[in-house]
Structure formats: structure tokens, C-alpha cells
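Down below is the structure, laid out as C-alpha cells.
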Amino acid sequence: MTDNKLGGILAKIATIQDAVGHIPKNGIGPASKGSFQYVKYEDILEGIRKELVRNKVITRFETLEHDVHVEQVGGRMVVNTKVLVRYTYIDIEDGSEHISVVGGEGSDIGGDTATRKAYTQAQKVNLLHTFNIVSGDEPDSDSAERTDLPKAKEAKPVAS
């Protein structure tokens, strides 16, 4: 028999979304890249963790893909890492689950932190999207501005 009421993990995710709400952009990027503001990973974790515990939700993750590309740039070794991660949220009261699959990328000179950066990015995106976290109304510095596209010319039939 199936219960059609929303419950379990989906209801708990909705409750956590409501409790967390807004997390401000407290991070400031390097001046060489415009000193943009961003939401710090630690702030997201701090905002989410207590709500996960309060709502009896645990998480686990599984790496689906892990690719490393190394290239020599000048005299330095640059390591670029890409990961694809499956995050599973589990309601420990009824066992229901919600799965999120997210990619992340990290780059490092020397390579000792490229993988950590990739996993951090994946988890950050996962949390922001799963819990619909609001971080402000400023567009990301890399986002494209909206432009109107030119209207397509009407196609003329080709004689056969």
C-alpha cells in the first residue's frame, strides 16, 4: 500500500529549506579577479549541519567519476581535477532517501589540493541547490549578461 502524503525525506528537506533561508556572501575573491563576493563553504555547512541533525537527516556520498589532468604551464605543474558525486540524504526515522548527483572541478599548482577543491565545489553546489539557499541578488562575476538575439531571417524555399 502506498501513502500519497508528502512525508519522509522530502518533507524534511522542505523543512530544512525553510529553516536555513538566506546565507550571506561573506567571502571576498582576489582583487585580481574583481574582489567578487561569494558564499563561503564553511558558512553553508554551518547553516545546514544543525538543521540536518535537528531533522534527523544524514548524508552519504559516493564518487561516480574522478578525473585528473596534469599539464606543464611554464615551469609549473598544474593539476585539474573533475569529480562527479552522488549525495544521498537519508531520513533516519523512516529510511526514505533523496539523491542528488553533482559535478565539481578543482585546479591547483602542484596538485596537493585540486581534488579537495573539486569535492568542496561539488558539495557546495549540491547544498545550495538541494536546499534552495538564497545568497543575495548580485550576479556571479562570470555570468553572461542577457542580450537580445537578432531575429532569424525567413528561409526561402529551395526550387527542386
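The values are calculated or read from the model by the stated rules, or taken from the named source; none is laboratory data. What you see is a predicted model, and the numbers here were worked out from it, not measured in a lab. Reconstructed Cβ throughout: ideal geometry from the backbone, glycine too, with neighbour counts over all protein chains shown. Remember, those area values only see protein heavy atoms, side chains included, never the ligands or the DNA or RNA. Shrake-Rupley method; radii C 1.70, N 1.55, O 1.52, S 1.80 Å.
Just name the residue that is most open to solvent (accessible area, probe 1.4 Å) out of those in the stretch 87-97 that are of a type outside the set (Ser, Thr, Tyr) and in a strand (DSSP E or B).
Start the filter on the stretch 87-97 by keeping residues that are of a type outside the set (Ser, Thr, Tyr), which leaves 90-95, 97.
Remaining after also requiring in a strand (DSSP E or B): 90-91, 97.
Numbers: Ile90: 23, Asp91: 5, Glu97: 91 Å².
Per the criteria, the residue is Glu97.
Being modelled with pLDDT under 95 and over 22 Å from His129 (Cβ atoms), is that true of even one residue in the stretch 37-58?
Checking the stretch 37-58: not a single residue is modelled with pLDDT under 95 and over 22 Å from His129 (Cβ atoms).
Residue check: is Val39 touching a Lys or Arg at 6+ places or on another chain (Cβ under 6 Å) and open to solvent by less than 40 Å² (accessible area, probe 1.4 Å)? Can you show your working first?
On the way: touching a Lys or Arg at 6+ places or on another chain (Cβ under 6 Å): yes; open to solvent by less than 40 Å² (accessible area, probe 1.4 Å): yes.
It is true that Val39 is touching a Lys or Arg at 6+ places or on another chain (Cβ under 6 Å) and open to solvent by less than 40 Å² (accessible area, probe 1.4 Å).
Would you mind stating whether Gly47 is in contact (Cβ under 8 Å) with a residue 40 or more places away in the chain, open to solvent by less than 80 Å² (accessible area, probe 1.4 Å) and within 22 Å of Lys117 (Cβ to Cβ)? It would help to see each step written out before you state the result.
On the way: in contact (Cβ under 8 Å) with a residue 40 or more places away in the chain: yes; open to solvent by less than 80 Å² (accessible area, probe 1.4 Å): yes; within 22 Å of Lys117 (Cβ to Cβ): yes.
Answer is yes for this residue.
Can you find a residue in the stretch 16-34 that is open to solvent by 50 Å² or more (accessible area, probe 1.4 Å), closer than 15 Å to Ser100 by Cβ and either in a helix (DSSP H, G or I) or out of contact with any helix residue (DSSP H, G or I) (no Cβ under 7 Å at 6 or more places or on another chain) (or both)?
As a first pass, look at the stretch 16-34 and keep what is open to solvent by 50 Å² or more (accessible area, probe 1.4 Å): 17-19, 22, 24, 26, 28, 30-34.
Then drop every residue that is not closer than 15 Å to Ser100 by Cβ, which leaves 17.
Checking the rest, the ones that are also either in a helix (DSSP H, G or I) or out of contact with any helix residue (DSSP H, G or I) (no Cβ under 7 Å at 6 or more places or on another chain) (or both) come to 17.
Yes, that holds for at least one residue.
Regarding Lys151, is this residue at pLDDT 75 or above and either within 19 Å of Thr63 (Cβ to Cβ) or not in a helix (DSSP H, G or I) (or both)?
Working: at pLDDT 75 or above: no; either within 19 Å of Thr63 (Cβ to Cβ) or not in a helix (DSSP H, G or I) (or both): yes.
Answer is no for this residue.
Only residues that are surrounded by 15 or more Cβ atoms within 10 Å (Cβ to Cβ), among the charged types (D, E, K, R) and over 16 Å from the mean Cα position of the chain (by Cα): list them for the stretch 98-117, please.
If the condition is that a residue be surrounded by 15 or more Cβ atoms within 10 Å (Cβ to Cβ), among the charged types (D, E, K, R) and over 16 Å from the mean Cα position of the chain (by Cα), then Asp108 is the only one that fits.
Looking only at residues that are in a loop (DSSP other than H, G, I, E, B) and surrounded by 10 or more Cβ atoms within 10 Å (Cβ to Cβ) in the stretch 118-139, which one is modelled with the highest pLDDT? Before you say what the answer is, go through the steps one by one.
Of the stretch 118-139, the ones in a loop (DSSP other than H, G, I, E, B) are 131-133, 135-139.
Narrowing further to those that are surrounded by 10 or more Cβ atoms within 10 Å (Cβ to Cβ): 131-133, 135-136, 138-139.
Numbers: Phe131: 93, Asn132: 89, Ile133: 88, Ser135: 77, Gly136: 70, Glu138: 45, Pro139: 48.
Once the filter is applied, the top-ranked residue is Phe131.
Output the residues belonging to the stretch 65-77 that are closer than 18 Å to Ala118 by Cβ and either in contact with a helix residue (DSSP H, G or I) (Cβ under 8 Å, 6 or more places away or on another chain) or loosely packed, with under 12 Cβ neighbours inside 10 Å (or both).
Of the stretch 65-77, the ones closer than 18 Å to Ala118 by Cβ are 65-71, 77.
Matches in the stretch 65-77: Glu65, His66, Asp67, Val68, His69, Val70, Glu71.
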